[in-house]
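Q: Shown below is the structure under consideration.
The values are calculated or read from the model by the stated rules, or taken from the named source; none is laboratory data. Here the structure is a predicted model, which is why all the values come from computation and not from measurement. As a convention, Cβ positions derive from the backbone with ideal geometry for all residues, glycine included, and neighbour counts pool all protein chains shown.
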Amino acid sequence: MKPKVGIFGFTGCAGDQLMILNLEDELLDLVGALDLKSFTMASSAVEESDYDVAFVEGSITTPKQKQKLEEIRKRSKLLVAIGDCAAWGGVQASCNGILKVEEKMKEVYGSDKVWEIYESKPLSAYVKVDFVLPGCPIEKEEFLRAAASLLRGDLPEAVDYPVCVECKLRENGCLMLEGKLCLGPLTVGGCRARCPSLGVDCIGCRGVIEGEARIKSALQVFREAGFKPDYVRARLRMFAANYPEILEVK
Amino acid sequence: MRYAKLAKADLPKLFQSLKSRGEVFAPVEEGGKVTFRKVDDLKEVKLEYTRTLLPPKKLLLPPEEEILRYEGEEYRESFEGKKAVLFGVHHCDVNGLLKLDRVFLDSPRDEYYARRRENTLVVGISCVPDRYCFCTSVGSGYATTGFDLFLHDLGREYLVRVGSGEGYRLSKEGYFQEAGKKEVEQAARMEERRMGKVRRRINLAGMGDLIETEGKEGWEEVSAKCLACGTCNLVCPTCQCYDVSDLLTLDVRKGSRVRRWDSCMLKRHALVAGGLNFRPTVVERTVNRLSCKVGEEVRCVGCGRCTVYCPAGIDFVEMLSAVRGEAR
Ligand code: SF4
Ligand code: SF4
Ligand code: SF4
Ligand code: SF4
């Protein structure tokens, strides 16, 4: 029997679902290999089903989303967070702990009681997440490779090395040494150091390497390199504000 | 050893001859760095340079390589038997290759490395040291073996040392001239001047013991700024560790096995089944790296790359001075 799969989206730009639809060459193989029960972006048809694997994109920002997520969790053997929003809360979390949601709502809508919303949180704030496919958006290749394992009930090999590794394997010079603030050393690799390879400093879109990233050391290195604390904080928060050590950065 | 002389005007002839033996990889300047890459014309080659970003190791042990491919029950190892030439390798890097040979050629022999090494000619050239080089303190300032030919710049000509049978055959080609004591003396004086420019020193006396007895606080201090990025390993000519992964297609009928350079400054290097990591932080990892390079055995060749390319500005030589208890 083919594994039953659901692909769901919460608060985010749907870029990760789009990446899956964009698989072009492999999409037919993929769809042939599994029994797709729901795919929010590709079709409005949703079957009430149990899932072998649920891929979930987006961050959780409303009580309704939380409830639906909990429902998906109950029905799924494996739950995989796809993309930075699902993994860390996304850019919409970048002001967490600085600006309250009520204040934001007031500023935009003139009242803080329009909807009940939460501060943007990753899926893991509410349910157990079995595996994370990071990125903004996710990498096609990585998704396919992970799918090959997941569809067999195995957990894929997670990337736990920084962007710097692939940056050096590609023999790039280091942007930090050219006076740019590069988040490569703190950020999960797997993008083949896309940005530094084009001469652009990494903005950390693949999220922090959990439990590994040397935030304190980086703060010292950035400070000594002359970067202003506000700038450093904003850069760190862009994709990973919910990471406890980054949330604390003053 | 045989010695010969080559007029600089005849270097293109040697280059042509090398090209007829395989693809030539040589130092080239591009985008503000010097890198070994395939060249077709001697004009592309940067003959005088300080160091390449990645060492020439990358051509014998590629950063990422497929080691086998399988389909169904069948598998085939992906050996490469292409003839190649590494042209313009410095003393430190020739010595770096010798250190790798001990790992990959002695038993168990690594067939992937061994076949490349056997099919690759190495032509050395004297270097242009800078303030980060300390090859002379680690015994790598002069290459005595490990090359086919070594070119020493004497101004208008090169003294050529011949280091192998293949090199011998090359040196018998018509554009080479005989060389004797006079040229060898000249080259020795030039090398003495060159090595004199290597000002950086490290004192390795008792270093292994000093590393072993350094306390946790000391290590925390030397690694305080370390970002655990892995760069220091990835640019090192003598780092030998790699990681292996299987890449499968969706139906798992087909796939390939690849290996990629690894780094002992990264999490997974010492992670074992069950989740235990016997080098959990940069402290243990730094101890491991330094012991590997200058502990019981000296594996560092003093090329300076790990210092030059560390994004946190951590200086290898200063770390060792700190371990010795000398003021930084
Ligand atoms: S440019 Fe960025 S990613 Fe590349 S090595 Fe430097 S810090 Fe790391
Ligand atoms: S280099 Fe950084 S910002 Fe660019 S794709 Fe990779 S993780 Fe994202
Ligand atoms: S290059 Fe520097 S920051 Fe990176 S792991 Fe090595 S010592 Fe640490
Ligand atoms: S440890 Fe550093 S200086 Fe020594 S060989 Fe490796 S990169 Fe070069």
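Q: Please work out which residue is farthest from the other protein chains (Cβ to nearest Cβ), limiting yourself to segment A:116-164 and to residues that are among the small types (Gly, Ala, Ser) and crowded, with 19+ Cβ neighbours inside 10 Å.
A: Here the answer is A:SER120.
Q: Here are A:VAL200, A:VAL208: which of them is buried (at least 24 other Cβ atoms within 10 Å of the Cβ) and either among the β-branched types (Val, Ile, Thr) or more than 16 Å from ligand 2 (Cβ to nearest atom) (or both)?
A: A:VAL208
Q: If you don't mind, there's one more thing I want to ask. Go through B:GLY215, B:GLY165 for me and flag whichever is surrounded by fewer than 16 Cβ atoms within 10 Å (Cβ to Cβ), among the small types (Gly, Ala, Ser) and assigned by TED's automatic domain parsing to the domain that holds B:GLU284.
A: B:GLY215
Q: Report whether or not A:ARG194 is at pLDDT 95 or above, over 16 Å from the mean Cα position of the chain (by Cα) and under 30 Å from A:GLY6 (Cα atoms).
A: yes
Q: Specify which of the listed residues (B:CYS300, B:CYS292) is more than 27 Å from B:LYS197 (Cβ to Cβ), more than 14 Å from chain A (Cβ to nearest Cβ) and surrounded by 19 or more Cβ atoms within 10 Å (Cβ to Cβ).
A: B:CYS292
Q: Here is a follow-up. Restricting segment B:211-246 to residues that are over 28 Å from A:GLN220 (Cα atoms) and of a type in the set (S, T, N, Q), which is nearest to the other protein chains (Cβ to nearest Cβ)?
A: Out of the qualifying residues, it is B:SER245.
Q: Can I ask one more? Looking at this structure, is A:LYS180 crowded, with 23+ Cβ neighbours inside 10 Å, on the phi < 0 side of the Ramachandran plot and more than 21 Å from the chain's Cα centre (by Cα)?
A: Against the criterion (crowded, with 23+ Cβ neighbours inside 10 Å, on the phi < 0 side of the Ramachandran plot and more than 21 Å from the chain's Cα centre (by Cα)), A:LYS180 does not qualify.
Q: Pairs please, first residue from segment B:247-263 and within 9 Å of chain A (Cβ to nearest Cβ), second anywhere and of a type in the set (D, E, K, R), Cβ atoms under 6 Å, 6+ apart in sequence or on different chains.
A: Sorted first by the residue in segment B:247-263, then by its partner, the pairs are B:LEU250/A:ASP29; B:GLY255/B:ASP246; B:ARG260/B:GLU64; B:ARG260/B:ASP243; B:ASP262/B:ASP243.
Q: Still on this structure, please answer the following. Out of B:SER256, B:SER263, B:SER223, I need the residue that is among the small types (Gly, Ala, Ser) and in contact with a His (Cβ under 8 Å, 6 or more places away or on another chain). Which one?
A: Matching residue, one of B:SER256, B:SER263, B:SER223: B:SER263.
Q: Still on this model: Filter segment A:164-192 down to residues that are of a type in the set (A, V, I, L, M) and closer than 19 Å to B:CYS239 by Cβ and give me whichever is farthest from ligand 3 (Cβ to nearest atom).
A: Filtering first and then ranking leaves A:LEU169.
Q: Just for segment B:171-201: of the residues that are within 25 Å of B:TYR132 (Cβ to Cβ) and of a type in the set (Asp, Glu), which one is surrounded by the fewest Cβ atoms within 10 Å (Cβ to Cβ)?
A: Of everything passing the filter in segment B:171-201, B:GLU192 is surrounded by the fewest Cβ atoms within 10 Å (Cβ to Cβ).
Q: Please state which one of B:GLU29, B:GLU23, B:GLU77 is surrounded by fewer than 18 Cβ atoms within 10 Å (Cβ to Cβ) and either touching a residue at least 40 places away in the same chain (Cβ under 8 Å) or among the hydroxyl-bearing types (Ser, Thr, Tyr) (or both).
A: So the residue among B:GLU29, B:GLU23, B:GLU77 that is surrounded by fewer than 18 Cβ atoms within 10 Å (Cβ to Cβ) and either touching a residue at least 40 places away in the same chain (Cβ under 8 Å) or among the hydroxyl-bearing types (Ser, Thr, Tyr) (or both) is B:GLU23.
Q: Determine which single condition A:PHE222 fails, assuming it passes every other condition in (1) in contact with a Leu (Cβ under 7 Å, 6 or more places away or on another chain); (2) more than 16 Å from ligand 3 (Cβ to nearest atom); (3) touching a residue at least 40 places away in the same chain (Cβ under 8 Å); (4) more than 8 Å from chain B (Cβ to nearest Cβ).
A: (2)
Q: Looking only at segment B:264-279, filter to residues that are of a type in the set (Lys, Arg) and at the interface with another protein chain (Cβ under 9 Å from one of its Cβ atoms); which one of those is surrounded by the most Cβ atoms within 10 Å (Cβ to Cβ)?
A: Of everything passing the filter in segment B:264-279, B:LYS267 is surrounded by the most Cβ atoms within 10 Å (Cβ to Cβ).
Q: Scan segment A:172-188 and give yes if some residue there is more than 9 Å from every other protein chain (Cβ to nearest Cβ) and away from ligand 1 (no atom under 12 Å from the Cβ), otherwise no.
A: Among the residues of segment A:172-188, not one is more than 9 Å from every other protein chain (Cβ to nearest Cβ) and away from ligand 1 (no atom under 12 Å from the Cβ), which makes the answer no.
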